[in-house]
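Visitor: Structure in structure tokens, see below.
Please treat every number below as a calculation from the coordinates, not as lab data. From a predicted model like this one, the values you see are computed outputs, not experimental measurements. Cβ: placed from backbone, ideal geometry, glycine included. Neighbour counts: every protein chain shown.
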Amino acid sequence: MTTFRAAVEAGDIDAAVALLADDVEFSSPVVHTPYHGRDAVAPILHAVFTVFEDFRYVNEIAGGDDHLLVFRAHVGDRELEGIDLLHHDASGAIDRLTVMIRPLSALQAVAATMREKLS
């Protein structure tokens, strides 16, 4: 199990954020341009933690410097499935985090709720 997964499952988002490299690149399923830097990504991860209901990882696949964490959750009445794709740099910090979510109706619910949280 990745340390990131353990932190998220424990509800310790600050610990999860601490695992990110200072110059982490975060690719969101909602916006085209990636976010750069831990300071830019931290508020997003904190908001996601309050938006997703019944969040749980259901699978983990590891290969080299990459980990794929499959998750399920709800946003309102929408059930979603997604992945967190983590890439670790030479020091073990997460230098790239890509999130994908399906189906589209659930992604749209995430986008709308996140806009409210982050505005």
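Visitor: Any chance you could run the full-extension gain for Leu104 through Asp23? It's 0.36 nm times the residue separation minus the Cα-Cα distance, nm to one decimal.
Guide: Numbers: separation 81, 0.36 × 81 = 29.16 nm, distance 2.95 nm.
Net length gain for the segment: 26.2 nm.
Visitor: In deg cm²/dmol, rounded to 500, what helix-only [θ] at 222 nm does the chain give when every DSSP H run of at least 4 residues adds -39500 (n - 2.57) and the total is split over its residues? Before the final figure, lay out the partial values.
Guide: Details: 4 runs with 42 residues, N = 119.
Estimated from H runs of four or more residues: -10500 deg cm²/dmol.
Visitor: Placing +1 at every Lys and Arg Cβ and -1 at every Asp and Glu Cβ, with all other atoms neutral, what dipole size does segment 1-47 have around its Cα centre, in debye to the nearest 20?
Guide: Values: 2 positive and 7 negative charges, 28 e Å.
The dipole magnitude comes to about 140 debye.
Visitor: Taking the DSSP beta bridges in segment 3-118 as the whole, what percent of them are antiparallel, to the nearest 5? Walk me through the intermediate numbers first.
Guide: Details: 28 of 32 bridges.
Given both bridge residues lie in segment 3-118, the antiparallel proportion sits at roughly 90 percent.
Visitor: Kindly express, to the nearest 10 degrees and within the range 0 to 90, the angle between helix 104-118's C-alpha long axis and the longest C-alpha principal axis of the chain.
Guide: Long axis of 104-118 versus the principal axis of the chain: about 80 degrees.
Visitor: Calculate how large, on average over all directions, the projected area of the Cα convex hull of segment 1-44 is; give the answer in nm² to one decimal.
Guide: On the way: hull surface 13.1 nm².
The orientation-averaged projected area of the Cα hull of segment 1-44 comes to 3.3 nm².
Visitor: I need two numbers for segment 3-118: Rg to one decimal and Dmax as a whole number, Cα atoms only, in Å.
Guide: 13.3, 41
Visitor: Let me ask something else. Evaluate the charge dipole of the chain about its Cα centre and quote only its size in Debye, nearest 20, assuming +1 on the Cβ of each Lys and Arg and -1 on the Cβ of each Asp and Glu.
Guide: Working: 9 positive and 19 negative charges, 75 e Å.
In debye, rounded to 20, the chain gives about 360.
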